[in-house]
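Data block below; observations after.
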Amino acid sequence: MALLPVDDALRLLLDGATPLASERVTLHEAACRVLAGPLKALRTQPPFDASAMDGYAVRAADVADVPVRLDVVGVSAAGRGYRGRVEQGQAVRILTGAPMPEGADTIVIQENTRPSGSNAIEVFETVAAGRHIRRRGLDFSEGEKLLEEGRVLDAAALSLAASANHSMLDVVGRPVVAIIATGDELLPPGSELGSDQIIASNAYGVAAIAAAAGARVLDLGIVGDDRIAIAARLAEATKAGADIVVTLGGASVGDHDLVHEVLGAQGVELDFWKIAMRPGKPLMFGRRSQTRFIGMPGNPVASLVCSHLFLKPLVAQLGGRKLENDIRPAVLGAAMPANDLRRDYVRARIDISNGRLIATPFGIQDSSMLRILADSGGLIIREPFAPAAEKDAPCAVLMLR
């Protein structure tokens, strides 16, 4: 099978990835989810004319000429409005957010008054009708559309939905990503290692990328290089309702790389296998019914780069989001050699100088070296057969943070 260009692979992977069916959840559960339909107000806000300031509710005609003395006949507080009527020569003490009493048409702010005997004030600044009043429906009215379908429910959107009296929201389903690490040599973090064993680290980074894109992650642990065991773990992922099954390792062509064979035996039709990219050449992708299977390379850096490029946008699209990687123009901080037939994603330190991004590639790019990836602010994108480039030459950078 020929190496597939990265952009073609991404198109195949996202083809037909429509948003999942909606579900109804509480406001707290809806945080960072995607609204499945337009949201309309169930009430009017504010539901009454309200004061925007602490002060006194008065008739504008009574304070047209100042100074003037007014009798204070009551108090209007939030949740405890004044029930009487403000008549000529009267004022009602009012607090921010409290209902405007009948008969009053403006607010004298507290700073423009002073006490004048028992239950009276002196007003020494004139004020026009309508000042410092939040009119009924200023924010929104009942039945008004407040949020569009597809809106990510951030803090402001959630608070708006709550203010509109919604306690439950219809959101796009959250994709379930099952992760399976494969390899006889792998042990979980915290283990006592034998001389030929290593720690399984990939799953944690892949899970973090998937979760940040909106997935619910199901870590199914480590399975050895055994066809029956791999098949059983894949079946477990399907039974758990995974929308995406990610295998880590076993996607290459060695004697113990069995994932490709097991997926085929389970009826998974591969859309592609082997990508013209570095790191991440052995990436596999296939489908069975509505379940998608991604076979990641076993090298840690390769699996994380592939997760940024392929898993993250797939999770986002199934979850109703439109996600594009953050690719920015930069200049090289060091010369780079000519590239071969694969698109190269080169780990680089990112600095800013005179308003420009400076991308300096690390000298060693081995796909097993996580520390360099952790130190990288981005990945320099080198197209296939790109010629050698000198320091300060323009380049494109996939930002990682």
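The values are calculated or read from the model by the stated rules, or taken from the named source; none is laboratory data. The model shown is predicted, which means the values in this text are computed figures rather than measured ones. No Cβ is skipped: glycine too gets one built from the backbone with ideal geometry, and neighbour counts run over all protein chains shown.
Inspect all residues belonging to the stretch 185-195 and state whether any of them is in a loop (DSSP other than H, G, I, E, B), aliphatic (A, V, I, L, M) and either crowded, with 19+ Cβ neighbours inside 10 Å or at pLDDT below 95 (or both). Yes - at least one qualifying residue is present in the stretch 185-195. Condition (residue is under 30 Å from Val315 (Cα atoms), surrounded by 15 or more Cβ atoms within 10 Å (Cβ to Cβ), in contact with a helix residue (DSSP H, G or I) (Cβ under 7 Å, 6 or more places away or on another chain) and in contact (Cβ under 8 Å) with a residue 60 or more places away in the chain) applied to the stretch 50-69: is it met by at least one residue? No, the stretch 50-69 contains no residue that is under 30 Å from Val315 (Cα atoms), surrounded by 15 or more Cβ atoms within 10 Å (Cβ to Cβ), in contact with a helix residue (DSSP H, G or I) (Cβ under 7 Å, 6 or more places away or on another chain) and in contact (Cβ under 8 Å) with a residue 60 or more places away in the chain. Looking for whichever is touching a helix residue (DSSP H, G or I) at 6+ places or on another chain (Cβ under 6 Å) and either part of a loop (DSSP other than H, G, I, E, B) or farther than 28 Å from Asn325 by Cβ (or both) here; the options are Ile209, Ile222, Ile230, Ile180. Which one fits? Among Ile209, Ile222, Ile230, Ile180, only Ile230 is touching a helix residue (DSSP H, G or I) at 6+ places or on another chain (Cβ under 6 Å) and either part of a loop (DSSP other than H, G, I, E, B) or farther than 28 Å from Asn325 by Cβ (or both). Per the conditions (1) hydrophobic (A, V, I, L, M, F, W, C); (2) touching a His at 6+ places or on another chain (Cβ under 8 Å); (3) under 30 Å from Ser141 (Cα atoms), the sole criterion not satisfied by Ile209 is (3).
Screening the stretch 114-176 for strands (runs of 3 or more DSSP E) wholly inside it with 1 or more residues that are over 18 Å from Gly37 (Cα atoms) and out of contact with any Pro (no Cβ under 7 Å at 6 or more places or on another chain) returns the ranges 120-123. Looking at the stretch 272-282, can you tell me whether even one residue there is in contact (Cβ under 8 Å) with a residue 24 or more places away in the chain, touching a helix residue (DSSP H, G or I) at 6+ places or on another chain (Cβ under 7 Å), of a type outside the set (Lys, Arg) and not assigned by TED's automatic domain parsing to the domain that holds Ala207? Within the stretch 272-282, none of the residues are in contact (Cβ under 8 Å) with a residue 24 or more places away in the chain, touching a helix residue (DSSP H, G or I) at 6+ places or on another chain (Cβ under 7 Å), of a type outside the set (Lys, Arg) and not assigned by TED's automatic domain parsing to the domain that holds Ala207. Inside the stretch 310-330, residues that are of a type in the set (A, V, I, L, M), surrounded by fewer than 18 Cβ atoms within 10 Å (Cβ to Cβ) and under 19 Å from Glu383 (Cβ atoms) make up a count of 1. Residues that are at pLDDT 95 or above, aliphatic (A, V, I, L, M) and surrounded by fewer than 15 Cβ atoms within 10 Å (Cβ to Cβ) do occur in the stretch 122-131.
Screening Ser289 against (1) surrounded by fewer than 18 Cβ atoms within 10 Å (Cβ to Cβ); (2) at negative phi leaves a single unmet condition, (2).
Within the bounds of the stretch 252-259, is there any residue that is charged (D, E, K, R), in contact with a helix residue (DSSP H, G or I) (Cβ under 8 Å, 6 or more places away or on another chain) and at pLDDT below 95? No: the stretch 252-259 contains no residue that is charged (D, E, K, R), in contact with a helix residue (DSSP H, G or I) (Cβ under 8 Å, 6 or more places away or on another chain) and at pLDDT below 95.
Restricting the stretch 376-401 to residues that are acidic (Asp, Glu) and touching a strand residue (DSSP E or B) at 6+ places or on another chain (Cβ under 7 Å), the residue that is nearest to Leu323 (Cα to Cα) is Glu383. The sole residue among Arg216, Arg174, Arg233 that is at pLDDT 95 or above, more than 25 Å from the chain's Cα centre (by Cα) and more than 18 Å from Asn299 (Cα to Cα) is Arg233.
Number of residues in the stretch 196-206 that are out of contact with any strand residue (DSSP E or B) (no Cβ under 6 Å at 6 or more places or on another chain) and part of a loop (DSSP other than H, G, I, E, B): the value is 2.
When Ala348, Ala374 are screened for being in a helix (DSSP H, G or I), at pLDDT 95 or above and among the aliphatic types (A, V, I, L, M), only Ala374 passes.
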